[in-house]
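Student: Just dropping this structure here.
The values are calculated or read from the model by the stated rules, or taken from the named source; none is laboratory data. Computed from a predicted model, the values in this text were never measured in an experiment. Reconstructed Cβ throughout: ideal geometry from the backbone, glycine too, with neighbour counts over all protein chains shown. Calculation scope for accessible area: heavy atoms of the full protein, side chains included, ligands and nucleic acids excluded. Shrake-Rupley method; radii C 1.70, N 1.55, O 1.52, S 1.80 Å.
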Amino acid sequence: MAKIKVVVVDDSALVRSLLTEIINRQPDMTCVGAAADPLVAREMIRETNPDVITLDVEMPRMDGLEFLSRLMRLRPMPVVMVSTLTEQGAETTLRALEMGAVDFVAKPRIGVSSGLQELAGDIVDKIRVAASAHVKRLPAAVPTGSGAASAGGHAEPPRAALPRVSTEKIICIGASTGGTEAIREVLMPMPADAPAIVITQHMPPGFTTSFANRLNTLCRIRVQEAQHGQRILPGHAYIAPGGHHLRIDRSGSNYVAVVEDTEPVNRHRPSVEVLFKSAARVLGPNALGIMLTGMGADGAQAMREMKDAGSYNYVQDEASCVVFGMPRMAIQCGAAHEILPLSQIASAVLNRLASAPAGVRHRI
């Protein structure tokens, strides 16, 4: 098989050298060029036609976001952002994901050399996933980092009027690569009185706070990073903090969030498996499960356990996924009741809540 061709774009000579070395150590990929700024990178991309680009956020002559915006409008291709572990770095990275970047790597502010070597396995895994990801052209009319970009250019799905919301119902969402935008598209149509939503998105520490805050400015429901022991309430969405698992438990008549720093599951912390297993055990038929875009199989088997316990489950279809890994495995496990395009999931959930059918209607 042909090797994955990668172009590294970073203003740091040290980072360029380290990433080139990490990439070239892999038998299935090669670094075909390393550029110090986007203007040099532009010519390099034309000459080498890479499969994936790694792109620094902060660079001279043209910042990474501006270059990414132009690239995704004119020549869309898989991009893995290289970000810093700072609050500003997290905000910028989230804007990059809105504009079509497949994933990101968070480089340390100090100890860059040892830090990147420790992240080598994660970096090359993300490059491999990016090489096969579905990327879309950024609409020319969408400004960088604007509210219009956040809305993704999609019309809001129609909403049926909800009956009086039961505090028993909880929507559980799992996602990984491509999930930040997919989650946004599911949450934005939710009315202020929607059932509680509990979310595990694979994301490192330092980024989930910015992710939750960003969604909170866009949605009618309140979106926040989950805190240990807090009640899970209608009209709220709770995101697993980076580096911690999130599960649901019961305290008397209330559902509560359990946030814990236990061992990774399926190589992930937070893990969708942990959340979905708790939903199967604690919620049973009061759960609605949603599996969105992501690599790997995290949560697939637990989603089947949710179904067996009485949950009704939705899985994102291949055409609308950035990466059809976790959804594919959930389908293969027999966990899905409905397989839908991302744009239809929110309305399907709301219509089901509004109609509250007596029996389960299977579409597959």
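Student: Condition (residue is touching a residue at least 24 places away in the same chain (Cβ under 8 Å), surrounded by fewer than 23 Cβ atoms within 10 Å (Cβ to Cβ), charged (D, E, K, R) and within 19 Å of Ser12 (Cβ to Cβ)) applied to region 108-128: is it met by at least one residue?
Tutor: Yes: one or more hits.
Student: Taking the conditions exactly as written (touching a residue at least 24 places away in the same chain (Cβ under 8 Å), outside any helix (DSSP H, G or I) and open to solvent by less than 10 Å² (accessible area, probe 1.4 Å)), does Ile22 satisfy them or not?
Tutor: When the stated conditions are applied, Ile22 does not pass them.
So that you can scan it fast, the table gives a plain yes or no per residue for (1) closer than 20 Å to Tyr255 by Cα; (2) β-branched (Val, Ile, Thr); (3) open to solvent by less than 10 Å² (accessible area, probe 1.4 Å):
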| position | (1), (2), (3) |
| --- | --- |
| Ala175 | no, no, yes |
| Gly179 | no, no, yes |
| Pro189 | no, no, yes |
| Val198 | yes, yes, yes |
| Thr209 | no, yes, no |
| Asn213 | no, no, no |
| Asn216 | no, no, no |
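Student: For a quick check of your reading: which strands (runs of 3 or more DSSP E) sit entirely within region 39-135 and have at least 2 residues that are of a type in the set (S, T, N, Q)?
Tutor: Passing ranges, in order: 79-84.
Student: Taking into account only those residues within region 81-96 that are surrounded by fewer than 23 Cβ atoms within 10 Å (Cβ to Cβ) and under 16 Å from the mean Cα position of the chain (by Cα), which is nearest to Asp63 (Cα to Cα)?
Tutor: In this case the residue turns out to be Thr92.
Student: Would you confirm whether or not region 269-284 contains a residue that is outside any helix (DSSP H, G or I) and open to solvent by 50 Å² or more (accessible area, probe 1.4 Å)?
Tutor: Scanning region 269-284, I find at least one residue that is outside any helix (DSSP H, G or I) and open to solvent by 50 Å² or more (accessible area, probe 1.4 Å), so the answer is yes.
Student: Give the residue that is nearest to the chain's Cα centre (by Cα), with candidates limited to residues of region 285-300 that are crowded, with 19+ Cβ neighbours inside 10 Å and outside any loop (DSSP other than H, G, I, E, B). Write out each step before concluding.
Tutor: So the first thing to find is which residues in region 285-300 are crowded, with 19+ Cβ neighbours inside 10 Å, and the list is 287-296, 298-300.
Checking the rest, the ones that are also outside any loop (DSSP other than H, G, I, E, B) come to 287-291, 294, 300.
On the way: Ala287: 21, Leu288: 19, Gly289: 16, Ile290: 13, Met291: 11, Gly294: 7, Ala300: 16 Å.
Top of the filtered list is Gly294.
Student: Sort out for me the strands (runs of 3 or more DSSP E) sitting completely within region 193-259 that have 2 or more residues that are in contact (Cβ under 8 Å) with a residue 40 or more places away in the chain and on the phi > 0 side of the Ramachandran plot. Reasoning before the result, please.
Tutor: Working: elements: 196-201, 222-225, 236-239, 245-251.
Qualifying strands (runs of 3 or more DSSP E): none found.
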